[in-house]
Amino acid sequence: MRICLLLLFTLLGAEASFAAEVNIYSARKEALIKPLLDKYTEQSGVEVNLITGKADALIKRLELEGVNSPADLLLTTDVGRLHRARQLNLLAAVDSAELTKNIPSIYRDPENYWFALSLRSRVIVYAKETVSAEDLSTYEALADPVWKKKVCVRSSSNIYNQSLVSAMLVHLGEAKVEGWARGLVANLARSPKGGDRDQIKAVAIGQCKLALVNTYYLAGMLSSKIEAEVNAANKVALFWPNQNGRGVHVNISGAGVTRSSMHKEEARKLLEYLSGAEAQLWYAENNHEYPVRSDVPVSEILRSWGDFKADDLALSRLGELNASAVRLMDRAGWK
Amino acid sequence: MTSATLEAPTPSLATGNFHPWLLLLMLLSLVLAIPVVCIVFSVFLPGADVWQHLYETVLSSYVVNSLILLAGVCALAMVLGTVPAWLTTMYDFPGRKVLSWGLLLPMAMPAYIIAYTYTGMLDAAGPLQSQLRDLFGWQFGDYWFPEIRSIGGAILMLALVLYPYVYLLCRAAFNEQSICVLEVSRSLGCGPCRSFFKVALPLARPAIIAGLSLVMMETLADYGTVQYFGVETFTTGIFRTWFGLGSSVAAAQLAAVLLGFITLVVLLEAWSRKQARYHHTSTRYSKLRRTQFTGWRRFVPTLICIVPLTFGFIVPAIQLLVWAKQTWSDVIDDEFLSLLAHSLELAALASLAALVLAVFICYGKRVLSNSLSRFIVRLLSTGYAIPGTVIAVGVLIPFSWLDNRIDGWMRENMDISTGLLFSGTLFALVFAYLVRFLPVSMNTVEAGLSKIRPTMDEVGRSMGLPTLAILRRVHVPMLKGSLLTALLLVFVDVLKELPATLILRPFNFNTLAIRTYELANEERLADAASPALAIVLAGIIPVIILSRSIAKSRPGHD
């Protein structure tokens with residue numbers, strides 16, 4: 001019996017609550033956020049506790065835990081989930097002059113419920129040897145029959161594809177986008193599988209000529225320690241689509257303070273730190289993401305790709321249209 | 001003699017009057033069934049709009065793919081499991097001893113990891129095909145090569161790591177079969193092959209079915225492998241519906257359908273067995289004399305048995321080693337030991353708890369032997385087929401509700417806040433493991449119990465022993481092998497578990513499986529190799545203990 005009680009106590013392990021701490025539910029992987037948080041703890045003395053996981057599961061946990069949730073900050077890797085969390089009434093507005101100064105208004109919630117911390121653009125990569133940049137123009141053109149059996153893209157279950165289609169829905173309307181999606185599916189060289197790096201490798205070996213990927217995957221391969229990854233990445237080139245029109249599709253990683261937070265002050269300060277120059281530089285150097293503020297330099301690889309015009313669509317629209325986008329892709333047969 | 005005999009069902013030992021077992025059993029299973037019940041009740045929530053969409057677009061391919069996957073994995077796992085089990089029990093051949101435990105090793109390999117390794121090797125961009133292209137000057141498309149990331153590939157991957165369930169239970173069954181019955185079949189003119197198909201295999205049916213049902217449920221619950229291979233199954237559909245369409249209700253309803261399907265299959269199997277019970281009617285065992293081949297034919301069984309071991313363990317393990325050698329210095333940090341400790345801690349806690357519960361529940365069912373207890377056990381056995389994420393939500397719903405109620409009451413009456421007592425702690429996590437893995441230990445314990453003849457219980461009772469004492473003094477000693485098996489199976493399963501751990505774990509608490517997933521999910525397969533290898537190594541030890549105990553467990557064996 002005594003053992004049972006002891007066991008119960010270890011299991012329950014009622015955590016003492018310190019004044020100076022921030023608890024984070026993060027959809028960003030540990031390796032891509034923890035070093036930054038450690039730096040913050042070192043500077044400020046504030047303890048930062050972390051649970052990583054899938055965004056939707058973390059949001060569900062936050063929702064079910066209700067007012068007693070220990071989480072102070074929700075970190076996601078796309079805007080759709082932040083929007084969903086706000087819709088579920090899980091986030092609190094943050095009033096911070098520093099955040100509004102650091103982060104341009106298109107990259108935060110109109111009422112400051114969430115803030116972008118880094119930008120991730122979805123681009124076209126093409127086989128250097130067989131395709132020339134002049135053959136490429138827009139996302140829309142990927143559905144052109146000249147690319148039949150030549151395009152690779154990952155599953156439509158992936159959020160980056162979902163938000164791209166959501167953005168296109170805003171710009172082009174449902175009928176046009178559905179036609180486009182059908183055309184794209186007809187152009188696929190193989191049924192969607194794997195992640196973005198897989199699509200790059202498929203282009204490198206000639207399984208397809210073009211692929212849709214996020215920039216930091218390509219940068220990650222180029223700076224990889226594994227030779228095969230670098231070789232594959234060197235066989236492809238990057239193309240910024242829609243530069244003569246609305247601009248390339250951009251999603252964000254971002255964060256919001258939770259409604260139930262017991263440490264709102266600390267959470268705000270951490271958010272401010274994450275939008276500060278030091279943290280922004282870290283994102284750029286270590287995961288090759290684009291900083292949200294223009295005064296922070298990007299990594300060398302990113303510099304080599306030059307400047308680009310980004311779609312300035314209000315990001316919250318992406319979250320609103322996500323379910324419609326998935327339905328559309330289901331109908332188009334995009335697996 | 002041992003044989004499948006048709007017996008009347010054991011009469012209830014608790015006819016008519018109230019029995020404390022019933023109360024205990026009801027209470028336990030009521031609590032454990034909450035997550036499953038939560039899922040089932042989602043059926044009554046409105047979600048028709050999403051269903052209409054699913055029905056018109058993707059539902060049929062979810063169902064068809066899941067059925068193909070299920071049939072393929074079961075068939076392949078059955079062959080890979082029963083044949084080596086038979087060979088290692090009945091024949092003597094070079095390497096038999098090593099193979100008889102080595103064949104269990106693939107169990108330590110999580111399905112998503114074997115999928116990553118084979119993709120790394122055999123994919124169009126992988127080293128094998130690249131070398132072929134370089135060697136012959138081919139371009140992609142000039143030659144044919146099987147696509148590993150396909151439904152066929154998924155069947156192969158899952159069968160390679162799941163067949164040990166069939167092998168394990170089958171081997172135990174063959175081991176326990178009395179040689180006499182086989183000698184009778186031989187003396188009646190059946191060759192070794194016919195004896196296998198006509199006598200040994202039907203006798204091992206409960207074991208094969210128990211093994212296959214574990215395989216089946218693992219297959220249905222698998223998300224990592226099929227998602228990576230781009231195969232749309234019912235389970236990937238659940239997550240697409242939840243994450244993509246944003247409908248957690250429709251997702252839970254899909255999970256409820258999955259539950260219904262599993263229940264149906266279990267019922268069908270029980271019905272097809274009808275009243276047959278498989279007790280040993282003889283306790284006479286002679287020493288097993290293993291047949292020996294001569295000449296080159298000696299190596300035929302060796303070669304056959306080496307196949308599943310090679311492809312299910314050796315090849316992927318070597319690939320992991322190669323990757324780990326390139327990257328371990330970056331990946332193995334100070335935290336690595338704590339990852340290992342957390343993994344082992346959770347596995348030990350959950351497997352022990354599952355064992356104790358399984359023994360009580362199965363024994364309770366045996367003592368009561370009424371339809372209510374059978375229903376309860378059946379309800380609890382469905383958890384294994386539910387994807388871990390869904391179970392986790394099913395655990396969060398009641399616990400966070402309870403926590404918030406307690407907190408509200410305490411605030412109102414005592415002016416203190418208790419916060420979250422259960423959810424967000426290891427308690428909730430271990431509870432989720434129990435819901436998911438209890439069927440594994442129950443299955444094993446029940447298979448063991450069913451082989452103990454009811455007359456043993458009667459003897460105990462006639463000697464005036466109370467029910468619990470019979471369990472302790474009669475059944476538990478006879479069940480030692482099964483209990484160990486149950487313990488270790490859950491241990492290894494928890495080591496590999498990912499989705500429930502991901503959602504339910506407390507702050508700053510990581511395991512090897514989580515580290516592996518986070519790296520592999522970023523497509524950093526080489527970096528993921530070190531933690532993956534650590535899972536495999538941690539899983540090997542219990543697997544070896546397990547196989548040694550089986551070898552010793554043969555009745556009449558010295």
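A short reminder: the numbers here are calculations on the coordinates, not readings from a lab. These numbers come from a predicted model, not from an experiment. No Cβ is skipped: glycine too gets one built from the backbone with ideal geometry, and neighbour counts run over all protein chains shown.
Please give the direction-averaged projected area of the C-alpha convex hull for chain A, in square nanometres with one decimal.
Details: hull surface 77.2 nm².
Answer in nm², one decimal: 19.3.
A viscosity of 1.002 mPa s and a temperature of 20 °C, combined with the Kirkwood radius over Cα pairs in Stokes-Einstein, give a translational diffusion coefficient for chain B of 85 µm²/s. In this structure, the residue pairs whose Cα-Cα separation is over 29 Å, taken from A:K34/A:K335; A:K34/B:K496; A:K54/A:K150; A:K193/A:K235, are A:K34/A:K335; A:K54/A:K150. What the Kirkwood sum gives for the range A:107-217 is a hydrodynamic radius of 14.8 Å, with every pair of different alpha carbons counted. Neighbour counts of other Cβ atoms within 10 Å put B:L162, A:L302 in the fewest-to-most order A:L302, B:L162.
If each DSSP helix of 4+ residues adds -39,500 (n - 2.57) and the sum is divided by the residues in chain B, what number results at 222 nm, nearest 500 deg cm²/dmol?
Values: 25 runs with 387 residues, N = 558.
Computed mean residue ellipticity for chain B: -23000 deg cm²/dmol.
Summarised in one figure, the compactness ratio Rg/Rh of the range B:474-516, Cα atoms and Kirkwood Rh, is 1.22. Amide H to amide H distances under 5 Å link A:L117 with A:S253, A:G254, A:A255, where only residues 5 or more positions off or on other chains count and H is placed in the peptide plane. Taking other Cβ atoms within 10 Å as a rough exposure proxy, B:T89, B:T294 sort from fewest to most as B:T294, B:T89. Remark: the range B:338-509 carries a charge dipole of roughly 740 debye about the Cα centre, counting +1 on each Lys and Arg Cβ and -1 on each Asp and Glu Cβ.
Think of the protein assembly as shown as having a plus end and a minus end, set by charges on the Cβ of Lys, Arg, Asp and Glu; of B:L259, A:S223, B:V367, B:V367 sits farthest toward the positive end of this dipole. Taking each DSSP H run with n ≥ 4 as -39500 (n - 2.57) and averaging over every residue of chain A yields -13000 deg cm²/dmol at 222 nm. Candidates A:I252, A:G66, A:A175 compared by Cα position along the dipole of chain A: farthest toward the positive end lies A:A175, with charges placed on Cβ. Ignoring lysines fewer than eight residues from A:K39 along the same chain, the ones with Cα atoms less than 16 angstrom from its Cα are A:K269.
Relative to the dominant Cα principal axis of chain A, helix A:264-274 is inclined by about 40°. Take every pair of alpha-carbon atoms less than 8 Å apart whose residues are at least six positions apart; their mean separation over the length of chain A yields a relative contact order of 28 percent.
For B:D92, the residues whose modelled amide H falls within less than 5 Å of its own, excluding neighbours fewer than 5 places apart on the same chain, are B:T291, B:Q292, B:F293. Here the Kirkwood formula, the inverse mean of 1/r across different C-alpha pairs, assigns the range B:100-194 a hydrodynamic radius of 16.9 Å. With loop membership from DSSP and a limit of 14 other Cβ atoms within 10 Å, the longest segment of chain B without GluC sites (Glu not before Pro) is B:8-334. Of all lysines in the structure, the ones whose alpha carbon falls short of 23 Å from that of B:K198, not counting any fewer than 8 places away in one chain, are B:K274, B:K287, B:K451.
Summarising the strand pairing of the protein assembly as shown, around 65 percent of its internal DSSP beta bridges are antiparallel.
With N set to the residue count of the range B:338-509, report its C-alpha Rg divided by 2.2 N^0.38 Å to two decimal places.
On the way: Rg = 18.9 Å, N = 172, 2.2 N^0.38 = 15.6 Å.
Dividing the Cα radius of gyration by 2.2 N^0.38 Å gives 1.21.
In a reduced charge model with +1 at each Lys and Arg Cβ and -1 at each Asp and Glu Cβ, chain A shows a dipole moment near 1300 debye about its Cα centre. Count Lys and Arg as plus one, Asp and Glu as minus one, and take only other residues whose Cβ is under 15 Å from that of B:R298; the net charge is then +3.
Loop exposure criterion: trypsin sites (Lys or Arg not before Pro), DSSP state outside H, G, I, E and B, at most 13 other Cβ atoms within 10 Å. Applied to chain B, the longest stretch between such sites is B:1-273. Within the protein assembly as shown, the ratio Rg/Rh, alpha carbon atoms throughout and Rh by Kirkwood, equals 0.99. In plain terms, the residue of B:S185, A:S163, A:S121 with the fewest other Cβ atoms within 10 Å comes first and the most crowded comes last, giving B:S185, A:S121, A:S163.
Ordering B:V98, B:I376, B:F243 by Cα displacement along the dipole of the protein assembly as shown toward the positive end leaves B:V98 in first place; charges were set at the Cβ atoms of Lys, Arg (+1) and Asp, Glu (-1).
Measuring r between the beta carbons of B:L344 and B:V98 and using R0 = 25 Å, the FRET efficiency lands at 0.45. Full extension of the segment from A:H171 to A:R331, taken as 0.36 nm per residue of separation minus the current Cα-Cα distance, would add 55.6 nm. When only alpha carbons of the range A:191-335 are considered, Rg and Dmax amount to 18.0, 54 Å. Within 10 Å of the Cβ of each residue in A:56-62, the mean number of Cβ atoms contributed by other protein chains is 6. Sequence-ordered 3J(HN,Hα) estimates for the range B:166-174 from the Karplus curve with 6.51, -1.76 and 1.60 and θ = phi - 60° stand at 5, 4, 4, 6, 5, 5, 4, 5, 4 Hz, glycine and proline given as x.
Rounded to the nearest 20, the Cβ-based charge dipole of the range A:130-215 about its Cα centre (Lys and Arg +1, Asp and Glu -1) stands at 420 debye.
The residues packed around A:Y107, meaning those with a beta-carbon under 11 Å from its beta-carbon, carry a net charge of 0 if Lys and Arg are +1 and Asp and Glu are -1. Put simply, the Cα atoms of the range A:189-236 extend 29, 18, 14 Å along their principal axes, the longest span coming first.
Could you work out the relative contact order of the range B:340-499? I mean the mean sequence separation of Cα pairs under 8 Å and 6+ apart, divided by the number of residues, in percent. Working shown, then result.
Working: 155 pairs, mean separation 62.7, N = 160.
That works out to 39 percent.
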